[in-house]
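Below you'll find the structure, written out as structure tokens, and then a few comments.
Quick note: the coordinates plus some simple rules give every number you see, no bench work behind them. Quick caveat, the model's predicted, so the values are computed rather than measured. Heads up, the Cβs are rebuilt from the backbone with ideal geometry, glycines too, and the neighbour counts pull from every protein chain shown.
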Amino acid sequence: MKKQIENLIISHGWKDVMIYDLNKIEELYKKWHKLMPKIRPFYAIKCNSNIEIIKKLNNLGAGFDCASKDEISKVLNINKNPDNIAFSNPCKYEEDIKFALKNDIKKTVFDSVEELKKISKINRSKFELILRIYANDKKAKFKLSKKYGAYDYEWKELFETAKDLNLNIKGISFHIGSGAEDKKIYKKALKDSKNCLELAKNYGYNIDLIDIGGGFSENKIEEFSKSINDSIEEYFKNIDINFIAEPGRYFSETCVKLYTRIFGKKERKEKFYYWVSDGVYGCFNCQLHGEYPPSPVFLTKMKSSKKYNSTIFGPTCDNEDQILENFNMPELNIGDYIIWNNMGAYTIVACTDFNGIDQTKPMAIYIEDNNLKYRKNIV
Ligand SMILES: Cc1ncc(COP(=O)(O)O)c(C=O)c1O
């Protein structure tokens, strides 16, 4: 299969190519189900909204976390059942709330008085609201709590306001941060959820849904799931609650490889500089937030094992558009490909065509069972 893919790429001379292994998604889904059978995943499509990923996860039985009208439409085109969607953006455009309402989506999130007022102006009765509470893993790659999540001293006012506005609160959610590291934070967040659930009762709200958000990655899932299962047992024993989660990175990170093509080269005093077909305005955009790229893998068979100090630039004229610097690697040539593993999460979804260079529509190859198919990747 690997050889077949490489022949396909080389024979077409494609610039950059994303390889989606849909078998891997199935493997990850089964692993999730085995480790956390009671927690239904609602895939966060913001992480990679590639249609084949959505279709695959839909066939496997996942629901979807959407952040906007466009994401909702994308999912509804594949599965018409609105109960499979959680509209989990705590701060939404009015027109998007109206769109969700028109499409019978009930689950939506809030964490402020103003959002409650906005929702109540549009409709008081249809939504089953979910209160997002604060949770924070300080070591997470993306600390979403900087922006979202109500502090415990704010819950009371939120319940009071919801009561005054005659709104219906059914759930509690949190997100400890994307690319999380510390399993203990789930325990703390579940304990906080329990306290919040108890407070809700004082206002006549009977919470029956807890959404444990995202933060998962493939190499952490065992330890995280253990902490989550143990905490559910500790805090929610004999309480009738539906648990859901919103994993993004867990499903899409490791199922994608990116092939980039070298189209420029310069040698200066035994140092090499290469220009490749993708960079920080493309799939490597997370480097602008301080994330490191994965290690490169080389497709070309090397004639010599000698390594040189090398720099790899992206295709735009911006000097910041650089993937690696002072990296020891063999000498490569124009036309050679460099492969990057684990490139599916928060990559293609945030690309731009800065400098008029197309980085938003790379070629995509899909592996499913023993079959290959390819077409432009548009998210
Ligand atoms: C509300 C919400 N849910 C889920 C996710 C997905 O998080 P992760 O990719 O860490 O699983 C995000 C990421 O930003 C988010 O904002």
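If you filter the stretch 259-303 for trypsin sites (Lys or Arg not before Pro), then keep DSSP loop positions with at most 10 other Cβ within 10 Å, what is left?
Passing both the DSSP loop test and the Cβ count: K269, K301, K303.
Report the relative contact order of the stretch 15-104, percent, no decimals, based on alpha-carbon pairs under 8 angstrom and at least 6 residues apart.
RCO, the stretch 15-104: 25 percent.
Points 7 angstrom from Cα along the Cβ direction at E222 and K307: gap in nanometres?
2.9
If neighbour count is taken as other Cβ atoms inside 10 Å, put H175, H12 in order from fewest to most.
H12, H175
Return R124, R249 ranked ascending by Cβ neighbour count within 10 Å, so the fewest neighbours appear first.
Ranked by crowding around the Cβ, least crowded first: R124, R249.
Averaging sequence separations of C-alpha pairs under 8 Å and six or more residues apart, then dividing by the length of the stretch 247-320, give the relative contact order as a whole percent.
Once divided by the residue count of the stretch 247-320, the mean separation gives 33 percent.
Rounded, prolate or oblate for the stretch 281-379? Axes are the square roots of the Cα gyration tensor eigenvalues, ordered a ≥ b ≥ c, and the cut-off for rounded is a/c under 1.5.
oblate
With no solvent and one point per C-alpha, what does the Debye sum give as log10 I(q)/I(0) for the stretch 216-323 at q = 0.13, 0.15, 0.23 Å⁻¹?
-0.69, -0.80, -1.33
Would you mind getting the Kirkwood hydrodynamic radius of the stretch 36-252 from its Cα pairs, rounded to one decimal in Å?
17.2
Could you check how many percent of all C-alpha pairs in the stretch 123-242 are farther apart than 18 Å?
51
Are there GluC sites (Glu not before Pro) in the stretch 294-336 that DSSP marks as loop and that have at most 13 other Cβ atoms within 10 Å, and which are they?
E320
Order of 156-162, 234-240 by packing, highest average Cβ count within 10 Å first?
So the order, starting with the most tightly packed, is 156-162, 234-240.
Which whole number of Å³ per residue matches the convex hull of the alpha-carbon atoms in the chain?
145
Report, in whole Å, the centroid distance computed from the Cα atoms of the stretch 283-326 and the stretch 105-125.
45
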